[in-house]
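Notes for the one structure printed next.
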Amino acid sequence: MTADVSLAALARYDAVIDVRSPGEFAEDHLPGAINLPVLDDAQRAEVGTLYVQTSKFLARRLGAALVARNIAAHLDGALGHRDGSFQPLVYCWRGGQRSTAMTTVMDQVGWPVTRLEGGYQTWRRTVAAALHELETAPPLKLVLLDGLTGSGKTAVLARLADHGVQSLDLEGLAAHRGSLFGRTGVEQPSQKLFESRLYAALSALDLSRPVVVEAEASRIGRLTVPPALWAAMKAAPALRLSAPFEARVERVLRDYQAATDDAAVRDALLARMPRHHSRERIAEWRALSQAGDLRALATALMRDHYDPAYRRASAGARDLGEIAMDGGAEADLDQAAEAITASLSRWERA
């Protein structure tokens with residue numbers, strides 16, 4: 001048995017096996033875990049209902065029969081190719097009956113199996129301590145990558161690793177581009193799974209060195225940036241990207257295509273615009289959308305909504321300087337990444 005859920009410890013196992021139901025697994029799970037449920041969602045509900053409404057004994061007998069059949073199916077299926085050297089880590093919700101059942105059988109097979117003490121709850125407590133509790137959260141040396149909508153922040157962020165710069169892609173982890181039109185076509189994870197991904201990403205970084213993160217609001221789509229990270233972001237200095245307005249419009253039309261192809265979706269999103277915009281202005285935007293004039297729509301939204309909102313949000317932020325780009329070409333993005341690398345080097349030496 002172990003309670004070590006560090007990424008280094010998890011990497012020592014040939015597999016991390018989550019034996020909870022598919023619904024529990026979908027909400028959140030340990031990094032890299034595979035789901036081999038000993039009870040599926042329907043079976044878990046059936047046993048629970050029988051336990052509460054009819055008989056604890058009958059519920060346990062039914063549960064044992066179902067667990068035995070499901071474990072047998074996993075031995076014949078997902079685990080059928082594993083030889084005697086297979087070393088898995090197994091966990092359930094609290095490290096109780098479900099993981100005990102699986103590890104008992106696996107131990108009898110002859111596999112050197114380890115059970116996670118406290119189960120998933122051990123992992124969740126670790127994540128919460130790092131991301132929710134300011135007293136136990138690790139210190140973060142963040143630098144925000146800021147700039148008006150369409151300035152290429154996400155594209156530049158992706159290039160920083162090639163220059164030896166650490167970065168954290170919040171939008172990628174949240175599967176959302178962070179604005180009203182930011183849906184990516186991929187379902188956003190649950191809040192807990194987002195936090196697990198975030199904790200794993202931070203754990204893989206050297207937190208004594210700067211980490212560049214795109215400037216975001218406290219919410220990314222329907223997800224919330226955890227308190228410890230948000231506090232660090234609010235205190236972080238910023239590097240600002242700038243690009244010509246027309247180049248920004250072109251990038252917005254490319255980057256947000258998945259969210260703007262459907263006229264009905266566009267109209268529904270525009271109907272949810274903040275109430276400080278007049279009804280007349282929103283009606284103009286909806287008319288441009290219905291006419292399919294996406295360039296005019298993007299231009300109007302950036303000029304009258306996104307750019308003013310950015311300027312309000314960034315007022316008073318600590319500024320490490322501006323990195324100006326001539327346009328949105330690949331060469332411009334590469335030069336911006338080089339400039340950020342040089343700026344960070346000067347900042348660390350200061």
- Message: Could you check the stretch 35-49 and list, in sequence order, the residues that are touching a residue at least 40 places away in the same chain (Cβ under 8 Å) and more than 21 Å from L75 (Cβ to Cβ)?
- Response: none
- Query: Can you pull out the residues in the stretch 78-104 that are crowded, with 18+ Cβ neighbours inside 10 Å and either part of a helix (DSSP H, G or I) or not assigned by the TED database to the domain that holds G32 (or both)?
  - Reply: R98, S99, A101, M102, T103
- Message: For the stretch 298-327, give me the residue count where each residue is of a type in the set (G, A, S) and either closer than 25 Å to K234 by Cβ or outside the structural domain of V143 (by the TED database) (or both).
- Response: 7
- Filter pass, L62 being surrounded by 20 or more Cβ atoms within 10 Å (Cβ to Cβ) and not assigned by the TED database to the domain that holds L193: no
- Check whether at least one residue in the stretch 50-59 is under 27 Å from L10 (Cβ atoms) and either among the polar types (S, T, N, Q) or under 34 Å from the mean Cα position of the chain (by Cα) (or both), and report yes or no. no
- Task: Could you grab me the full set of residues in the stretch 193-206 that are of a type in the set (D, E, K, R) and either outside the structural domain of V225 (by the TED database) or surrounded by 16 or more Cβ atoms within 10 Å (Cβ to Cβ) (or both)?
- Result: E195, R197
- Message: Looking at the stretch 297-345 only, could you name the residues that are in contact with a Leu (Cβ under 9 Å, 6 or more places away or on another chain), in a helix (DSSP H, G or I) and exposed (fewer than 15 other Cβ atoms within 10 Å of the Cβ)?
- Response: R311
- Mind checking which pairs have a first residue in the stretch 12-24 that is in the same structural domain as Q121 (by the TED database) and a second that is among the acidic types (D, E) and not in a loop (DSSP other than H, G, I, E, B), Cβ under 6 Å, 6 or more apart or different chains? S21/D41; P22/D41; G23/D41
- May I ask you to list the residues in the stretch 207-227 that are within 27 Å of M273 (Cβ to Cβ), open to solvent by 10 Å² or more (accessible area, probe 1.4 Å) and among the aliphatic types (A, V, I, L, M)? A215, A217
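Here is a yes/no grid of residues against (1) open to solvent by less than 40 Å² (accessible area, probe 1.4 Å); (2) over 30 Å from L223 (Cα atoms); (3) at pLDDT below 95:
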{"position": "I17", "(1), (2), (3)": "yes, no, no"}
{"position": "R20", "(1), (2), (3)": "yes, no, no"}
{"position": "A26", "(1), (2), (3)": "no, no, no"}
{"position": "D40", "(1), (2), (3)": "no, no, no"}
{"position": "Q43", "(1), (2), (3)": "yes, yes, no"}
{"position": "I71", "(1), (2), (3)": "yes, yes, no"}
- Task: Hey, can you tell me all the residues within the stretch 112-136 that are open to solvent by 30 Å² or more (accessible area, probe 1.4 Å) and either part of a helix (DSSP H, G or I) or among the basic types (K, R) (or both)?
- Result: R115, Q121, R124, R125, T126, A129
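The values are calculated or read from the model by the stated rules, or taken from the named source; none is laboratory data. Values in this document were obtained by computation on a predicted structure and should not be read as measured data. Note that we place each Cβ from the backbone using ideal geometry, even for glycine, and neighbour counts take in every protein chain shown. Just so you know, the surface numbers come from the protein's heavy atoms only, side chains and all, with ligands and any DNA or RNA stripped out. Shrake-Rupley method; radii C 1.70, N 1.55, O 1.52, S 1.80 Å.
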